[in-house]
Amino acid sequence: MSADTTQAKASPAPPQPRVASTWPRWQPFEWIVALRFLLEGRMQTAFIIMGVAIGVAVILFMSALLAGLQTNIVRRGLLGQAHIQVLPPKAVVRPLHEAANSSQAVQGAILQTPEQRVKSIDQWQALAAQIRGLPNVVVVSPSAAGAGLVLRGGSNRSINLQGIEPALYFRIVTMDDKLVAGSTRLAGTDILIGTELASDLGVRVGDKLHITTATGGDNTLTISGIFDLGNKGANARSTFLSLRTAQSLLGLPGGVSVLDVNVTDPYQAEVVAQAITAATGVVADSWIKVNAQFFVAINAQKSSSALIRAFVALSVAMGIASVLVVSVVQRSREIGILRAMGVTRPQVLRLFLIQGGLLGLGGAVAGSALGAAALFAWRLLVRNDDGTELFPIVLTPALLASGLVLATVTGLLAAFAPALRAARLDPVVAIRG
Amino acid sequence: MADSGPLLVLTDVHKSYNPGQPNETEVLHGINLTLQRGEFCAVVGPSGSGKSTLLNLVGLLDRPSKGTLILAGQETTTLADTDLTRLRGRTIGFVFQYHHLLTAFTALENVMLPLLGDAGFPNAAMVERAAALIDSVGLTAWRDQPAGQLSGGQQQRVALARALAMNPVLLLADEPTGNLDTVSADAVFALLRKVNQEQRTSVLFVTHNPQIAARCDKTIEVVDGRVVTSG
């Protein structure tokens, strides 16, 4: 066939080409057409990607913030308490029953709730050894805890005395990073007190404190260190001393009133606590059980967060779907031409699904960057009074990956209806427009 | 695909819209038509006579309500949609009154699209084939231009090159010159004639222009959904 160049010669010289004419060999037909359709509608594509990006950024920012907040609350809560506490059984009053065969007798009793005295856990050494042998248990620390009164000149303060074995207890409550003066040494007459108590009594490291208890114990102890637990009330009342000194003050010679237990995973504490009860028969309270209201709040927070995320994802899906519906209408003639030249319905379906997926993925990538920038700005601008970070927020790879997958899948699902509509277009009607 | 015998045989073909409905309308009434290989046939008739419907049926874009349509020895009315689409892509080329190029692609890429859609992935042979077709319609210098930047005549020539990409046995041209000036219309008709003569591609050419119809081997006149003259 020879060239008919009449018009070609008459036309002005063509400008420089804007679009390359070759495609990578690995790119299938549907990808090539989908990408080119998206690139042709640059403005539309940019706007919907921005919309998706904002949605993804909101989800990532909120998720990271809530996860950071939750982790921080849990971490702070656990810094000052054991995962599980094994306590002696509470004293109860039992009525005396009549003999079973005296059916004529009328039984009546007024039960008075008994006072709960500080008492030791029965056979605590054997019990501690047994608990230490259970799976997932990291450390078991015996403590003798009770109330006391500290006297200093003309002032006095009620305090909580906690006698501990430092080598074990400080594995549960790390004291080194809370110490503001002195050391964590706890010899026979040493005591660690909080900043608030030190301030109230006007004492420093090395000063003496006279301690008395309701059971008649009294001793003069030397302040070896001053700590800050991050809580004003705790800093005013908590004190730590050696186990032996506390046993003497509280009238518990050789006894302990609580076994503190830490486990490998704090969120499995309740399971381990139940295992301890099952294995030993003693009462074991996990921090999860003790802070039940806190977990209710956490779960409520999780639910509301999930709901917000679902609605954001829904709005992202609606945005993608609406853009593709418009695209199908705008491109119906082109779809008709493609069908006329032998492109099958499944191919048309795929090329619109790919557009949806790409819009979702593109929005997710942009949204991840936006979310990371927002978190960076948050960490930079929202800080404690002393300039330290409010709480650590980490945008984990898992969270980023879930954002990418969520947005891409949302894009694919959102594209399904318009893609199906495009695939079902009657080529005759489509070409006619 | 059978190489002997007529290329296209329509036997008692009817086409109705809204079949079984109160507003059922039959637009083709028992069309019988035979097109030999290498024939260049004009289809004429007044507007609304059923020419485009006939072309849609022959182009396998639509199905007859009744009758049989044999293309290249294959009965098409019973084929599944995907098979029909594949047969259409490999045996028929379309040139419409309006070029209907995909503006997101260059001239060369538009010509490559049918080859790409059929093969699934691009390859060097496709580029060569498309480039040769672009050369043959005299648009070598414009091959990398976005389709939307070409003139009407140039776009129609790209559409013709695209229609020839799969080396079809049948070209369906629905008033391809109706929207062009005389020079461009003559150029497009000349190209179709050359394809017909050099490759023995059969052509069904719908036109309202009696001069162009007179230059075809055969003329079919459609009036009120019936073929009234053929010869």
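Residue-level analysis places B:LEU102 outside the set of residues that are facing another protein chain (nearest Cβ under 7 Å), assigned to a helix (DSSP H, G or I), in contact with a helix residue (DSSP H, G or I) (Cβ under 6 Å, 6 or more places away or on another chain) and over 20 Å from B:VAL169 (Cβ atoms). Using the structure shown, decide if B:ALA130 is within 11 Å of chain A (Cβ to nearest Cβ), over 16 Å from the mean Cα position of the chain (by Cα), buried (at least 18 other Cβ atoms within 10 Å of the Cβ) and closer than 18 Å to A:ILE335 by Cα. In short, no.
None of A:GLY225, A:GLY188 is buried (at least 21 other Cβ atoms within 10 Å of the Cβ) and among the small types (Gly, Ala, Ser) except A:GLY225. Among the residues of region A:242-254, none qualifies, meaning not one is assigned to a strand (DSSP E or B) and under 17 Å from A:LEU149 (Cβ atoms). Remark: pairs (first residue in region B:188-214, touching a residue at least 24 places away in the same chain (Cβ under 8 Å); second residue among the basic types (Lys, Arg); Cβ separation under 7 Å; 6+ apart in sequence or on different chains) = B:VAL188/B:ARG157; B:LEU191/B:ARG157; B:ARG200/B:ARG37; B:SER202/B:ARG37; B:VAL206/B:LYS51.
Considering region A:16-26 alone, what residues qualify as being more than 7 Å from chain B (Cβ to nearest Cβ) and at pLDDT 55 or above? So that I can check it myself, show each step before the final result.
First, the residues of region A:16-26 that are more than 7 Å from chain B (Cβ to nearest Cβ): A:16, A:20, A:24, A:26.
Answer for region A:16-26, where residues must be more than 7 Å from chain B (Cβ to nearest Cβ) and at pLDDT 55 or above: A:PRO24, A:TRP26.
Entry remark, region A:265-279: residues being crowded, with 18+ Cβ neighbours inside 10 Å and more than 11 Å from A:ILE84 (Cα to Cα) number 1 in total. Only residues that are part of a loop (DSSP other than H, G, I, E, B) and surrounded by fewer than 17 Cβ atoms within 10 Å (Cβ to Cβ): list them for region A:394-433, please. Correct list: A:VAL394, A:THR396, A:ARG424, A:ASP426, A:GLY433.
Taking the criterion of being more than 17 Å from B:PHE105 (Cβ to Cβ), polar (S, T, N, Q) and either more than 8 Å from chain A (Cβ to nearest Cβ) or part of a helix (DSSP H, G or I) (or both), would at least one residue in region B:158-169 satisfy it? For region B:158-169, residues more than 17 Å from B:PHE105 (Cβ to Cβ), polar (S, T, N, Q) and either more than 8 Å from chain A (Cβ to nearest Cβ) or part of a helix (DSSP H, G or I) (or both): present. Within region B:140-150, the presence of a residue that is aromatic (Phe, Trp, Tyr), over 21 Å from B:LEU116 (Cβ atoms) and without any contact (Cβ under 8 Å) to a residue 60 or more places away in the chain is excluded. Of the residues making up region B:144-156, those that are at the interface with chain A (Cβ under 7 Å from one of its Cβ atoms), within 13 Å of B:GLU109 (Cβ to Cβ) and either touching a His at 6+ places or on another chain (Cβ under 6 Å) or part of a loop (DSSP other than H, G, I, E, B) (or both) are B:ASP144, B:GLN145. Restricting the search to region A:383-433, which residues are touching a residue at least 60 places away in the same chain (Cβ under 8 Å), within 21 Å of A:MET62 (Cα to Cα) and aliphatic (A, V, I, L, M)? Passing the criteria: A:ILE393, A:VAL394, A:LEU395, A:LEU399, A:LEU400, A:LEU406, A:ALA407.
Please indicate, with yes or no, whether at least one residue in region A:324-332 is in contact (Cβ under 8 Å) with a residue 12 or more places away in the chain, assigned by TED's automatic domain parsing to the domain that holds A:GLN44, in contact with a Lys or Arg (Cβ under 7 Å, 6 or more places away or on another chain) and at negative phi. Within region A:324-332, one or more residues are in contact (Cβ under 8 Å) with a residue 12 or more places away in the chain, assigned by TED's automatic domain parsing to the domain that holds A:GLN44, in contact with a Lys or Arg (Cβ under 7 Å, 6 or more places away or on another chain) and at negative phi. Counting just the residues of region B:51-68 that are out of contact with any Ser or Thr (no Cβ under 6 Å at 6 or more places or on another chain), at pLDDT 90 or above and polar (S, T, N, Q), which one comes out nearest to B:ARG88 (Cα to Cα)? Ranking the qualifying residues of region B:51-68, first place goes to B:ASN56.
The values are calculated or read from the model by the stated rules, or taken from the named source; none is laboratory data. These figures come from a predicted structure and were not determined experimentally. Glycine gets a Cβ as well: all are built from the backbone with ideal geometry, and neighbour counts include every protein chain shown.
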